[in-house]
């Protein structure tokens with residue numbers, strides 16, 4: 001049996017919490033922690049840097065700030081412990097579809 005790394009555990013935690021709270025139709029999580037090695041804030045908290053893309057019907061009629069708050073609420077105590085920094089792209093399925101067709 002292989003040992004699961006701290007990074008993999010954190011990604012799974014993020015994934016589980018967002019799936020439970022937001023029921024995303026699409027969820028992509030990228031661990032960018034390696035780009036921030038030695039960063040003082042990350043050393044102090046021990047948390048990682050993540051880039052997430054969440055597509056969910058729960059975001060319908062919500063502002064960007066409301067969407068981010070929903071994500072932060074879902075992640076709860078992981079913010080500041082397991083997660084030091086988070087880059088968020090939160091869209092409805094319609095917005096995601098539009099952005100994909102315009103690329």
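The values are calculated or read from the model by the stated rules, or taken from the named source; none is laboratory data. Just so it is clear, the structure is predicted and the values come from calculations on it, not from any experiment. For neighbour counting, all protein chains shown are included, and Cβ atoms are generated from backbone atoms with ideal geometry for every residue, glycine included.
When the residues of segment 62-75 are narrowed to those that are touching a residue at least 24 places away in the same chain (Cβ under 8 Å) and touching a strand residue (DSSP E or B) at 6+ places or on another chain (Cβ under 9 Å), which ends up nearest to residue 26 (Cα to Cα)? Restricting to residues being touching a residue at least 24 places away in the same chain (Cβ under 8 Å) and touching a strand residue (DSSP E or B) at 6+ places or on another chain (Cβ under 9 Å), the top hit is 71.
Among the residues of segment 48-62, is any buried (at least 16 other Cβ atoms within 10 Å of the Cβ), modelled with pLDDT under 90 and touching a helix residue (DSSP H, G or I) at 6+ places or on another chain (Cβ under 7 Å)? Checked against the condition, which is being buried (at least 16 other Cβ atoms within 10 Å of the Cβ), modelled with pLDDT under 90 and touching a helix residue (DSSP H, G or I) at 6+ places or on another chain (Cβ under 7 Å), segment 48-62 yields at least one hit. Looking at (1) part of a helix (DSSP H, G or I); (2) within 18 Å of residue 12 (Cβ to Cβ), which is the one condition that is false for residue 86? Residue 86 satisfies every listed condition except (1). Selection of segment 76-90 for residues being over 11 Å from residue 49 (Cα atoms) and either surrounded by 20 or more Cβ atoms within 10 Å (Cβ to Cβ) or touching a residue at least 60 places away in the same chain (Cβ under 8 Å) (or both) yields 78, 90. Of the residues making up segment 1-28, those that are closer than 14 Å to residue 82 by Cα, modelled with pLDDT of 95 or more and touching a strand residue (DSSP E or B) at 6+ places or on another chain (Cβ under 7 Å) are 14, 15.
In a residue-by-residue description of segment 35-46, the property of being within 11 Å of the chain's Cα centre (by Cα), surrounded by fewer than 16 Cβ atoms within 10 Å (Cβ to Cβ) and either closer than 14 Å to residue 82 by Cβ or modelled with pLDDT of 85 or more (or both) applies to no position.
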